[in-house]
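Written out below as structure tokens is the structure these notes cover.
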Amino acid sequence: MSQLFEVVDSVKGDGTEFQVLQYEPLQNSHLHVHQKIGNRVHQVRVLLNDGKIISETDAFYFLRGQIEIDHKMKNANLKLKKLASSMVKNEAMLKPTYEGTGEVYFKPGLLNYIIYRLQDEEIIVDPNMFVCAEATIQIGLTQTKKLPVAASKFADKFIQTVLSGSGIVVLKSFVPSSELLEIELHNDRFQTDENLVVFRSGDIEFTVESAAKSVLSSFTSSEAFLRTYTGTGKLWIAPTQPFYNKKE
Amino acid sequence: MSEVFDVVESAEGQNATFQILHYKPIIDKDFFSMQRAGERYKQVRILLNNGSVVTEAGALHFHKGNITAENKMGGTSGLMKKFASSMLTNESTFKPVYSGVGEVYLEPTFGHFLIYHLNNEEIIVDKGLFYCCESTVKVGVAAQTSISAAVKGGEGLFQTKLSGTGICVLHSPVPAREILKMELYNERLQVDGNFAILRTGDIRFTVEKSTKSILGSMTSGEGLLQTFTGTGEVWLAPTQALHQTTFFPQSQLFNNQFPNNQ
């Protein structure tokens with residue numbers, strides 16, 4: 001019997017090994033067209049050797065070995081903080097951790113996964129991109145403070161996930177990683193009217209600006225406000241993401 | 001005339017040979033997209049040579065040769081036992097036994113089959129997985145041994161137990177090659193969902209909370225995990241949910257939001 005999946009990407013960390021598994025085409029008429037054009041079912045597997053990782057809620061699928069699933073809850077204060085921040089984000093922020101020796105498998109899907117190594121830095125990603133990370137990574141939320149009045153009612157859309165520290169993170173991408181465009185900014189500015197930037201790192205400030213100076217002209221131009229990224233660092237743009245979103 | 005079907009898998013028992021037949025693509029537009037994806041109309045054929053096989057009731061399509069079918073009633077007590085076990089396992093009360101010399105063809109389907117060789121051992125499979133076996137294999141009921149598994153296991157109170165020596169054919173929710181066989185050596189396997197379909201060896205099935213504290217299990221999203229502990233083999237169907245979603249909302253596929261069976 002041939003293998004059901006192969007390891008297509010693998011990064012070793014401290015007592016952990018993050019792997020992206022790619023399934024062979026599955027015999028299923030619903031998946032057939034996706035697989036024919038090259039899409040594959042992917043799954044994240046983490047091999048733990050006395051290591052510890054943290055994952056997105058609901059991402060867990062199955063595990064083998066002596067692994068304890070738990071939550072970081074040191075004191076009540078932190079608990080409340082976490083609950084409060086989970087309300088902001090509309091999903092449970094109390095993310096499970098997995099500690100021990102064995103293998104953890106996360107849920108498969110027709111998705112693409114990117115393994116990224118953080119070296120004492122901070123990245124900001126789209127809220128649904130986080131899958132799992134080494135437990136050394138801090139996970140938080142960020143919300144842009146300076147919102148123009150016109151954009152304030154969409155404030156939810158400007159909440160993003162902050163990952164900081166040193167270690168490995170696994171991100172989910174709705175577009176194949178070959179369709180992600182990396183842009184480096186050197187004291188520069190990047191503006192877009194769509195939610196295209198899925199990732200940013202470095203010293204980049206994110207603001208939302210009105211597209212035009214006067215109220216009347218912003219009313220008449222179709223672009224009401226622009227997402228503006230200023231500074232020095234790296235951006236990942238997913239120019240094809242709107243097409244993928246349209247399918248949903 | 002070319003062949004209507006191919007024999008893709010064959011297992012030879014003592015007096016019976018079990019074969020899985022794949023039909024050539026059927027010219028019917030309803031089946032076009034399935035068959036384009038590689039799915040095939042399948043059928044189990046059993047070649048009997050003075051042997052006897054037990055099948056799920058209603059599974060017979062046709063048979064050829066000198067074959068007799070009988071239903072073993074087993075007297076009043078046997079009858080009651082059969083009624084009870086069929087109620088418990090979602091399987092037919094009377095499993096007909098075919099014996100003699102000839103060929104037995106069972107109902108064709110677009111489902112999937114697994115062939116398992118039992119070698120003086122015992123396997124426990126999900127309810128409704130049993131399809132047919134050599135009559136040397138005993139088909140019985142396995143009650144959940146732990147309360148947690150019985151109440152919260154999602155597999156019901158009882159599962160099907162196959163024991164003895166011989167060949168059995170099982171229904172499978174996924175193609176045979178998509179089964180992940182996890183060998184455990186005094187290890188633990190925890191699963192979030194109902195996709196563990198078979199276990200063999202000295203394996204204990206319980207259900208555990210994923211986190212110790214109440215608040216933890218309330219907030220983690222994964223409340224209860226099927227837990228298999230011991231030495232043996234557990235078969236998983238990790239792609240089951242991907243096959244099950246018949247009307248595929250794209251968002252489900254892309255966000256891995258699985259239907260929760262529990």
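Is it true that A:Thr232 is part of a strand (DSSP E or B) and at pLDDT below 85? Write out each step before concluding.
Details: part of a strand (DSSP E or B): yes; at pLDDT below 85: no.
No; evaluated as a whole, the condition is false for this residue.
The C-beta contact set for region A:179-193 (first residue in a strand (DSSP E or B) and surrounded by 13 or more Cβ atoms within 10 Å (Cβ to Cβ), second residue small (Gly, Ala, Ser) and at pLDDT 90 or above, distance under 8 angstrom, 6+ apart or interchain) comprises A:Leu185/A:Gly231; A:Leu185/A:Gly233; A:Asp188/A:Gly231. Do we have any residue at all in region A:186-196 that's away from chain B (no Cβ under 14 Å), at pLDDT below 90 and either touching an Asp or Glu at 6+ places or on another chain (Cβ under 7 Å) or under 25 Å from B:Pro238 (Cα atoms) (or both)? Checked against the condition, which is being away from chain B (no Cβ under 14 Å), at pLDDT below 90 and either touching an Asp or Glu at 6+ places or on another chain (Cβ under 7 Å) or under 25 Å from B:Pro238 (Cα atoms) (or both), region A:186-196 yields at least one hit.
Would you tally the residues in region B:22-37 being assigned to a helix (DSSP H, G or I) and of a type in the set (Asp, Glu)?
Taking region B:22-37 first, the residues assigned to a helix (DSSP H, G or I) are B:29-36.
Among the residues that remain, those that are also of a type in the set (Asp, Glu) are: B:30.
Final tally of qualifying residues: 1.
Determine, yes or no, whether B:Lys64 is among the basic types (Lys, Arg) and at pLDDT 90 or above. For B:Lys64, the condition - among the basic types (Lys, Arg) and at pLDDT 90 or above - is met. Elements of the type strands (runs of 3 or more DSSP E) sitting completely within region B:122-206 and holding at least 3 residues that are within 14 Å of chain A (Cβ to nearest Cβ): these cover B:180-191.
The set of residues in region A:106-133 that are more than 14 Å from the chain's Cα centre (by Cα) and crowded, with 17+ Cβ neighbours inside 10 Å comprises A:Phe106, A:Lys107, A:Pro108, A:Gly109, A:Leu110.
Screening the candidates A:Gln43, A:Gln27, A:Gln19, A:Gln66 for the property of being within 22 Å of B:His112 (Cα to Cα) and of a type outside the set (Ser, Thr, Tyr) yields one hit, A:Gln27. Within region B:123-180, the set of residues being small (Gly, Ala, Ser) and at pLDDT 80 or above comprises B:Gly128, B:Ser135, B:Gly140, B:Ala142, B:Ser163, B:Gly164, B:Gly166, B:Ser172, B:Ala176. Scanning region A:25-69 for residues that are among the small types (Gly, Ala, Ser), more than 22 Å from A:Ile139 (Cβ to Cβ) and more than 10 Å from every other protein chain (Cβ to nearest Cβ) yields a total of 1. Here B:Arg40 meets each of (1) surrounded by fewer than 16 Cβ atoms within 10 Å (Cβ to Cβ); (2) in a loop (DSSP other than H, G, I, E, B) with one exception, condition (1). Of the strands (runs of 3 or more DSSP E) lying entirely inside region A:1-57, those containing at least 2 residues that are buried (at least 18 other Cβ atoms within 10 Å of the Cβ) and in contact with a Ser or Thr (Cβ under 6 Å, 6 or more places away or on another chain) span A:42-55. Restricted to region B:203-221, and to residues that are at pLDDT 50 or above and surrounded by 22 or more Cβ atoms within 10 Å (Cβ to Cβ), which residue is farthest from B:Val174 (Cα to Cα)? Here the answer is B:Thr211.
Looking across region B:67-87 at every residue that is among the aliphatic types (A, V, I, L, M) and part of a helix (DSSP H, G or I), the one that is modelled with the lowest pLDDT is identified as B:Met87.
The values are calculated or read from the model by the stated rules, or taken from the named source; none is laboratory data. Quantities reported herein were computed from a predicted structural model and do not represent experimental measurements. Cβ sites come from the backbone with ideal geometry, for glycine too, and all protein chains shown count toward neighbours.
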